[in-house]
Amino acid sequence: MRIVFRNVDVLVIGAGPTGLGAAKRLNHINGPSWLIVDANDKAGGLASTDVTPEGFLYDVGGHVIFSHYKYFDDCLDEALPEKDDWYTHQRISYVRYKGLWVPYPFQNNISMLPKDDQVKCIDGLIDAAMECRVANTKPKDFDEWIVRMCGEGVADIFMRPYNYKVWAVPTTKMQCQWLGERVAAPDVKLVTRNVILNKTAGNWGPNATFRFPARDGTGGIWIAVSDTLPDEKKRYGKKGEVTKIDAEKKVVTLKDGTTIGYGKLVNTMAVDQLVEKMGNQELITLSKGLYYSSTHVIGVGIRGERPERIGDKCWLYFPEDNCPFYRATIFSNYSPYNQPQADVKLPTLYLADGSKPQSTEAKEGPYWSIMLEVSQSTMKPVDEENLLKDCIQGLINTDMIKSDDEVVSTYHRKFDHGYPTPALEREGVLKQLLPKLQDMDIYSRGRFGSWRYEVGNQDHSFMLGVEAVDNIVNGAVELTLNYPDFVNSRQNTERRLAQTFNFASSSPAPAANGAAKELPTRDRASSKVSANGGHSRKSSKQVK
């Protein structure tokens, strides 16, 4: 095999949102030399989209676009600039409980519950409010936070069972620093008033309004962003698969034998997999303290008009044990192009109850689709062989579909690294692991690269890459990584794509010994800037 050696100032591993954020910023400032590599043939990573043979689209889980950053918005609008590239939706979200659809967030809408449950929840909320007034310590874990904020009633009815289904680990084994804006703390007076007046609370949270691409699913966004980057600086597919990282020599070896010398490395693969490719036993041992759950994404394509009972719902939560999934997304509601057009003829595979259809002859639509998510860990095993069948039965149990509905397409894909668990041990590991890597000039960032779920949305992930590059080039503080509550509480407008940068276009040539070129120092960089205006692998320990 012919060995090719090349040097870059900054090497980016992974073409998901974080890696593309880094590459986009490097291309924007036109300073250090760079290259982005990915083992997949197309960009997207954990924000990619699959298409079934019948033409149904399914994202890697429930992804929608909402943003805390203008730079993120700018980059997406550049990649997909036309008005008809996007649909904008108001979130319509419910919790399924005792045959009812309770508006989200559940804890603000207990007025919808049966009277006995209302009493239990109000009692708990009052106890929690009184406890909060005198408490002088922080909650020691997520479970204690739930009880202190919501009371035992809401905890038992919804928060504990639902979060176990999501995280595949009990709430007592999770810390609570990650919460931020992700969980609504109920207003006791408002909840009580709504119970008395039989009212529901309105939309809450940063994703009350969201965008979704008209075509190609969420993955289409990232393919479009990748297309704005120079082809010669991208290596995707087998030729971009990393097999070894020599952190001491600063050399990465790719599957085709190519070796890349780098000055700084922005890594977006799971950090536990990164340290294995480095072969650093100290860091491998340290990474064993990080926990994660796997995610199964299930898709069901159905013939017929979308039922009235489903309406324009977006995503739905399921805390009860009458179905294996914790969340369902009515994926056909996001875009009419997420499923085959009505004139496409498809045969019926089977009826929802598993029985054979009267005819298997291909017929026209219309069609609609549901995407489901199921978590798995050593603390929450899953019958993988029967999971699709169990999920379809769960859809019948929750009145999402009827037993005689015609199933025309199914999808099932498991993602070994699904959720980075905010376990009690997490911060102790990350506060050692990430700085040790950075001392080696390795910036490990992203949903699993930096293992912080609270900044794991698409906008956060993209900006983790952008901010890593700015830190490399001019020492800028990485706000998203280090101050998640700060970036989540404001509109971050400091960076814009219209800004211009005047770095010298000619960089010094690589040293004769093959070392990567010197990066701009903080002083040199700041003086030159002017602003105008693979499926699964089980290398890490799961929760026990």
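The helices (runs of 4 or more DSSP H) found wholly in region 69-159 and carrying at least 1 residues that are over 29 Å from the mean Cα position of the chain (by Cα) occupy 115-134, 142-154.
Taking Ile260, is it at pLDDT 95 or above, open to solvent by 10 Å² or more (accessible area, probe 1.4 Å) and either in contact with a Phe, Trp or Tyr (Cβ under 9 Å, 6 or more places away or on another chain) or in a helix (DSSP H, G or I) (or both)? Taking the combined requirement at face value, the residue does not satisfy it.
If you check Thr243 against the conditions, is it open to solvent by 50 Å² or more (accessible area, probe 1.4 Å), of a type in the set (Val, Ile, Thr), farther than 30 Å from Asn333 by Cβ and not in a helix (DSSP H, G or I)? Yes; evaluated as a whole, the condition is true for this residue. Return yes or no: is Trp34 among the aromatic types (Phe, Trp, Tyr), over 21 Å from Val487 (Cβ atoms) and open to solvent by 10 Å² or more (accessible area, probe 1.4 Å)? In short, no.
Each row is one residue, and each column tells you yes or no for (1) within 30 Å of Leu430 (Cβ to Cβ); (2) modelled with pLDDT of 90 or more; (3) out of contact with any strand residue (DSSP E or B) (no Cβ under 7 Å at 6 or more places or on another chain).
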| position | (1), (2), (3) |
| --- | --- |
| His68 | yes, yes, no |
| Trp86 | no, yes, no |
| Pro105 | yes, no, yes |
| Pro114 | no, yes, yes |
| Asp117 | no, yes, yes |
| Ala129 | no, no, yes |
| Cys132 | yes, no, yes |
| Ala135 | yes, no, yes |
| Gly153 | no, yes, yes |
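You will find that of Asp312, Asp343, Asp383, Asp390, the residue that is modelled with pLDDT under 95 and open to solvent by 20 Å² or more (accessible area, probe 1.4 Å) is Asp312 and no other. Among the residues of region 39-52, are any of a type in the set (Lys, Arg) and modelled with pLDDT under 90? Checked against the condition, which is being of a type in the set (Lys, Arg) and modelled with pLDDT under 90, region 39-52 yields no hits at all. For region 248-257, the set of residues classified as crowded, with 21+ Cβ neighbours inside 10 Å and not in a strand (DSSP E or B) consists of Lys250 only. Which count do you get for residues in region 403-432 that are hydrophobic (A, V, I, L, M, F, W, C), open to solvent by less than 40 Å² (accessible area, probe 1.4 Å) and in contact with a strand residue (DSSP E or B) (Cβ under 8 Å, 6 or more places away or on another chain)? Selection size over region 403-432: 4. Residues of region 393-402 that are open to solvent by 10 Å² or more (accessible area, probe 1.4 Å) and in contact with a Lys or Arg (Cβ under 8 Å, 6 or more places away or on another chain): Ile396, Asp399. Of the set (1) modelled with pLDDT of 95 or more; (2) over 25 Å from the mean Cα position of the chain (by Cα); (3) open to solvent by 50 Å² or more (accessible area, probe 1.4 Å), all apply to Leu197 but (1). Taking the numbered list (1) more than 16 Å from Ile396 (Cβ to Cβ); (2) within 23 Å of the chain's Cα centre (by Cα) in turn, Gly311 passes all entries but (2). Residue selection: Ala39 satisfies the criterion of being open to solvent by 30 Å² or more (accessible area, probe 1.4 Å) and either in contact with a Lys or Arg (Cβ under 6 Å, 6 or more places away or on another chain) or under 23 Å from Lys250 (Cβ atoms) (or both). Considering region 269-373, the qualifying strands (runs of 3 or more DSSP E), each wholly inside and each with 2 or more residues that are in contact with a Ser or Thr (Cβ under 7 Å, 6 or more places away or on another chain), under 24 Å from His63 (Cβ atoms) and β-branched (Val, Ile, Thr), run over 292-303.
Kindly indicate the residue of region 379-411 that is part of a loop (DSSP other than H, G, I, E, B) and charged (D, E, K, R) and also farthest from the chain's Cα centre (by Cα) among those meeting that condition. Per the criteria, the residue is Asp404. When region 413-443 is filtered for residues that are in a helix (DSSP H, G or I) and of a type in the set (D, E, K, R), the ones remaining, listed by number, are Arg426, Glu427, Lys431, Lys436, Asp439. Would you confirm, using the coordinates I've provided, whether Gly465 is within 19 Å of the chain's Cα centre (by Cα) and assigned to a loop (DSSP other than H, G, I, E, B)? Against the criterion (within 19 Å of the chain's Cα centre (by Cα) and assigned to a loop (DSSP other than H, G, I, E, B)), Gly465 does not qualify. Considering the conditions (1) at pLDDT 50 or above; (2) more than 30 Å from Met379 (Cα to Cα); (3) small (Gly, Ala, Ser), Gly456 is excluded by exactly one of them, (2).
Contact map, region 51-77: first residue at negative phi, second residue of a type in the set (Gly, Ala, Ser) and open to solvent by 20 Å² or more (accessible area, probe 1.4 Å), Cβ cut-off under 8 Å, separation 6 or more or different chains; pairs are Asp73/Ser67; Asp74/Ala498. Could we say that Phe56 is among the hydrophobic types (A, V, I, L, M, F, W, C) and within 13 Å of Gln458 (Cβ to Cβ) here? For Phe56, the condition - among the hydrophobic types (A, V, I, L, M, F, W, C) and within 13 Å of Gln458 (Cβ to Cβ) - is not met. Can you confirm whether region 222-237 contains a residue that is assigned to a loop (DSSP other than H, G, I, E, B), open to solvent by 40 Å² or more (accessible area, probe 1.4 Å) and touching a strand residue (DSSP E or B) at 6+ places or on another chain (Cβ under 8 Å)? Within region 222-237, not a single residue is assigned to a loop (DSSP other than H, G, I, E, B), open to solvent by 40 Å² or more (accessible area, probe 1.4 Å) and touching a strand residue (DSSP E or B) at 6+ places or on another chain (Cβ under 8 Å).
The values are calculated or read from the model by the stated rules, or taken from the named source; none is laboratory data. Note that the structure is a prediction, hence the values are computed from the model and not measured. Virtual Cβ from ideal backbone geometry, glycine too; neighbours counted across all protein chains shown. Areas reflect the complete protein model, heavy atoms only, side chains present, ligands, DNA and RNA absent. Shrake-Rupley method; radii C 1.70, N 1.55, O 1.52, S 1.80 Å.
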